[in-house]
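The values are calculated or read from the model by the stated rules, or taken from the named source; none is laboratory data. Keep in mind that this is a model prediction, so the values were computed, not measured. When we count neighbours, we look across all protein chains shown, and the Cβ atoms used for this are built from the backbone with ideal geometry, even at glycine. The area values use the complete protein model at the heavy-atom level, side chains included, leaving out ligands, DNA and RNA. Shrake-Rupley method; radii C 1.70, N 1.55, O 1.52, S 1.80 Å.
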Amino acid sequence: MISEFEKFKKFKAKTLPEEEFLASGHRACQGCGEVLALRMIMKALGKNVIICMATGCMEIITTPYPQTAWKVPWIHITFENAASVASGIESALKVLRRKGKVPKRHIDIVAIGGDGATSDIGLGWISGALERGHDFTYICLDNEAYMNTGAQRSSCTPYGAMTSTTPIGEKGSGQVTWKKNMPAIAVAHGIPYVATASPAYFLDLMNKVKKAALVKGPTYVHVYAPCPTGWGFAPERSIELARLVVETKAFPLYEVIEGHYIMSRKISKAKPIQEYLRGQRRFRHLSEEQVSYIQRRVDAEYEKLIKLSEMK
Amino acid sequence: MKYIVQEGSHSIAEVIALCRPGLISAFPITPQTHIVEKLAELVSNGKIDAEFVNVESEHSAISVITGAEACGMRTFSATSSQGLALMHEVLHAVSGMRLPLVMVIANRALSAPLNIWNDHSDSMAQRDTSWLQFYAESVQEAVDLIAQAYRVAESRDVMLPGMICVDGYVLTHIYEPVLIPEQEKIDAFLPPYRPEYILDPERPMTFGAYATPNDYMEFKWEQQKAMGNAKRHIVQINTEYRELIGRGYGNGLIELYHMENARIAIVAMGSICGTLKEAIDRMEDVGLVRIRAYRPFPAEELRDALRDTETIAVIDRAFSYGYEGPVFSEVRSALYTLKERPLMCNFIVGLGGRDTRVGDIFELVKKAKESSEGEVTWFNLKV
């Protein structure tokens, strides 16, 4: 058991912190599921935090000079290096604290990147930071493609999805690979805490972020983030999709505490995957064959996860 | 103070330690590695109160120290060749964010073909990243440049990062007697780093915002203004260092050697200048103008130093493919406004570590006398 969890108090809907650390007035699209998640993440983290952000939607929408949406210290350098920047900040604060140059109180160091920054271009940097054991949290906001540049595929794009670089044509039928399992890659580093979350279950999301921040050492939270602009659905359906993806078992919610998988929400009667795929432009070309492949693979992946959670 | 004979890299590392960095991060690459190995040893023995962060690439090394620098901490890294090339993207971000990092570059050729020996193609390729660039002639100068580079970089009206370029092997691996300044002297010369803006939850700030066409150019103009200010500081800090620690190098920007009555002038940077001085001692009418600060570029100073010569031979240890040596282009451009211009020619020398000896310099001067205006010679080429 992780001793830091003794200090952990669950968030409750009635007593949510009122203070916002990500100000309104930023330039996110209507119904952006990513910024909804980010707002709740910031509420969970509170004031004593330094955010290191990768290049991407959240960076662009929050910091057009001379404006900023950030009420906490924030730094962006390049696309791939948020985890390394966080490593430097964490190490620097350690020395500054030791030398008495900054107050002794704890500051959470949090690196945030999209799925491209995390699973593609920044993977080596993240691996390095997780392996070195820095006391920081990495949060991946996964909207399943490079949305900031106009919806190109990433290794987190789901099978079959149409993106601007996996277009539908005589030969092309969308993304041909299965979504890269980033949480499993994080777990393979032997870090103390890994979790997945969805903004539809915002208390669960906030609790996981808080726990990740409390734990000493590197932690990783993978957050599903629906993108109305890139996926092609009505903005008011963001939260609905963020719930459906869990109810269809396509994006299971779980924690991995010191290597032990714990399901946050076991889905006994799953909805058919079609319910999730329906109404998203990126999936509307799917053949019956493709849909049935997705269903089989989703079920199989979920079973693997259940088996992991049953291991003692 | 007495001379110590030890490997150049170790002398450099010792003086880095005297500058009290709080965080060092690096990735192994020849011929830089001995510098950070020595620093790792000093950290491990408790000689410096710093964190040494071992990373998975040079890109990560510079990202780590940039993060630390943004917390208000003096930092250090060193690299060479491919490592510096891998850092390239971040170099621009660091100067744009006005974080005064200091790195030592153990100069080495770039691939392909793979080559671990010395030339200037690595740092020359980073010329336009808005980093200050200093080139050392000797280990002693490399050692003396360290505290000076931090002082210039951290000056309030500069706040730009700096590279100390030290010829790989020729200086990093040589055993040369050096004087290492005392800790008290360095402390008196280099005050603790206290930047105006840092990452602090008590005073939240946004570092690295994006700027539209409406603002971007002004940020870049500020960088150029800072380069101008750096020029002034380099001169003044060189004088101050001479007074306090006992060694100075020309006016800080350039150094003149036997230029009083020189008809032929050689312009060069780095360790080859030692060989050049040796050769010049044995020749009539030949002098040396050594560029010590390449960025900011000492155009006026070069104009003044070279105006009365007849022939100028500019040595480049890198090449701009499709044209000529980069130092040559710039020196020639600096002299363009002279009413009567000396004849200027360019020698591409010692790429990939090909050795240059005193005898070669006699040959080079002979060739310079026969060169036509603007002629580019690949020196000692086997074709």
Completion exercise
When the stretch A:34-75 is checked residue by residue, the ones that are closer than 22 Å to B:GLU89 by Cβ and open to solvent by 20 Å² or more (accessible area, probe 1.4 Å) are A:THR55, A:CYS57, A:ILE60, A:TYR65
Fill in the blank from the handout: Within the stretch A:103-132, the residues that are more than 11 Å from chain B (Cβ to nearest Cβ) and not in a helix (DSSP H, G or I) are A:LYS104, A:VAL110, A:ILE112, A:GLY113, A:GLY114
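Any residue at all in the stretch A:175-190 that's away from chain B (no Cβ under 14 Å) and within 23 Å of A:TRP74 (Cα to Cα)?
Step one: of the stretch A:175-190, the residues away from chain B (no Cβ under 14 Å) are A:175-188, A:190.
Then keep just the ones that are within 23 Å of A:TRP74 (Cα to Cα); that gives none.
No, the conditions are met nowhere in the stretch A:175-190.
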Fill in the blank from the handout: Restricting attention to the stretch A:54-92, the residues that are more than 7 Å from chain B (Cβ to nearest Cβ) and either more than 20 Å from A:ILE126 (Cα to Cα) or in a helix (DSSP H, G or I) (or both) number exactly 11
Handout entry: Cβ pairs under 7 Å, 6+ apart, first in the stretch B:174-190 and outside the structural domain of B:ILE237 (by TED's automatic domain parsing), second at pLDDT below 95 and of a type in the set (A, V, I, L, M, F, W, C)
Key = none
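May I ask you to say which residue of B:ASP157, B:ASP144, B:ASP187, B:ASP122 is surrounded by fewer than 18 Cβ atoms within 10 Å (Cβ to Cβ) and in a helix (DSSP H, G or I)? Talk me through it step by step, then tell me what you get.
Working: B:ASP157 fails: in a helix (DSSP H, G or I); B:ASP144 fails: surrounded by fewer than 18 Cβ atoms within 10 Å (Cβ to Cβ); B:ASP122 fails: surrounded by fewer than 18 Cβ atoms within 10 Å (Cβ to Cβ).
Every option except B:ASP187 fails the conditions.
Yes/no matrix, rows are residues, columns are (1) farther than 27 Å from A:LEU123 by Cβ; (2) not aliphatic (A, V, I, L, M); (3) not in a loop (DSSP other than H, G, I, E, B):
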{"position": "A:MET1", "(1), (2), (3)": "yes, no, no"}
{"position": "A:PHE11", "(1), (2), (3)": "yes, yes, no"}
{"position": "A:GLU18", "(1), (2), (3)": "yes, yes, no"}
{"position": "A:VAL35", "(1), (2), (3)": "no, no, yes"}
{"position": "A:CYS52", "(1), (2), (3)": "no, yes, yes"}
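Could you check, for the stretch B:198-205, whether at least one of its residues is more than 14 Å from chain A (Cβ to nearest Cβ), free of Cβ contacts under 8 Å to residues at least 60 places away in the same chain, outside any strand (DSSP E or B) and over 23 Å from the mean Cα position of the chain (by Cα)? Before you say what the answer is, go through the steps one by one.
So the first thing to find is which residues in the stretch B:198-205 are more than 14 Å from chain A (Cβ to nearest Cβ), and the list is none.
No: the stretch B:198-205 contains no residue that is more than 14 Å from chain A (Cβ to nearest Cβ), free of Cβ contacts under 8 Å to residues at least 60 places away in the same chain, outside any strand (DSSP E or B) and over 23 Å from the mean Cα position of the chain (by Cα).
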Practice task
Determine if the stretch B:328-340 includes at least one residue that is basic (Lys, Arg), open to solvent by 90 Å² or more (accessible area, probe 1.4 Å) and not in a helix (DSSP H, G or I).
Solution key: yes
Exercise for the section: Just give me the residues in the stretch A:109-147 being open to solvent by less than 20 Å² (accessible area, probe 1.4 Å) and within 21 Å of A:ASN48 (Cβ to Cβ), in sequence order. Expected result: A:ILE109, A:VAL110, A:ALA111, A:ILE112, A:ALA129, A:HIS134, A:PHE136, A:THR137, A:TYR138, A:ILE139
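Filter the stretch B:160-177 down to the residues that are surrounded by fewer than 23 Cβ atoms within 10 Å (Cβ to Cβ) and of a type outside the set (Ser, Thr, Tyr) and list them by number.
Pass one, the stretch B:160-177, residues surrounded by fewer than 23 Cβ atoms within 10 Å (Cβ to Cβ): B:169, B:173-177.
B:HIS173, B:ILE174, B:GLU176, B:PRO177 - these are the residues of the stretch B:160-177 that are surrounded by fewer than 23 Cβ atoms within 10 Å (Cβ to Cβ) and of a type outside the set (Ser, Thr, Tyr).
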Practice task
Specify the residue that is most open to solvent (accessible area, probe 1.4 Å); the eligible residues are those in the stretch B:43-60 that are more than 20 Å from A:LEU93 (Cα to Cα) and more than 7 Å from chain A (Cβ to nearest Cβ).
Solution key: B:ASN45
Exercise for the section: Quick one: count up the residues across the stretch B:1-27 that are within 24 Å of B:ALA85 (Cβ to Cβ), more than 14 Å from chain A (Cβ to nearest Cβ) and of a type outside the set (Val, Ile, Thr). Expected result: 3
Exercise for the section: Test each condition in (1) free of Cβ contacts under 8 Å to residues at least 40 places away in the same chain; (2) at the interface with another protein chain (Cβ under 7 Å from one of its Cβ atoms) for A:GLY100 and report the one that comes out false. Expected result: (2)
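Which is farther than 22 Å from B:SER121 by Cβ and touching a Gly at 6+ places or on another chain (Cβ under 8 Å), of B:LEU256, B:LEU244, B:LEU306, B:LEU338?
Details: B:LEU244 fails: touching a Gly at 6+ places or on another chain (Cβ under 8 Å); B:LEU306 fails: touching a Gly at 6+ places or on another chain (Cβ under 8 Å); B:LEU338 fails: touching a Gly at 6+ places or on another chain (Cβ under 8 Å).
B:LEU256 is the lone residue from the list that is farther than 22 Å from B:SER121 by Cβ and touching a Gly at 6+ places or on another chain (Cβ under 8 Å).
Quick check on A:VAL246: is it crowded, with 22+ Cβ neighbours inside 10 Å, hydrophobic (A, V, I, L, M, F, W, C), in contact with a Lys or Arg (Cβ under 9 Å, 6 or more places away or on another chain) and part of a helix (DSSP H, G or I)?
Working: crowded, with 22+ Cβ neighbours inside 10 Å: yes; hydrophobic (A, V, I, L, M, F, W, C): yes; in contact with a Lys or Arg (Cβ under 9 Å, 6 or more places away or on another chain): yes; part of a helix (DSSP H, G or I): yes.
In short, yes.
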Exercise for the section: For B:THR309, indicate whether it is under 27 Å from B:LYS225 (Cβ atoms) and open to solvent by 10 Å² or more (accessible area, probe 1.4 Å). Expected result: no
Problem - Hits in the stretch A:162-200 - residues which are open to solvent by 30 Å² or more (accessible area, probe 1.4 Å), of a type outside the set (A, V, I, L, M, F, W, C) and not in a loop (DSSP other than H, G, I, E, B) - result: A:SER173
Problem - Answer from B:GLU89, B:GLU69 - the residue that is modelled with pLDDT of 95 or more, open to solvent by 10 Å² or more (accessible area, probe 1.4 Å) and acidic (Asp, Glu) - result: B:GLU89
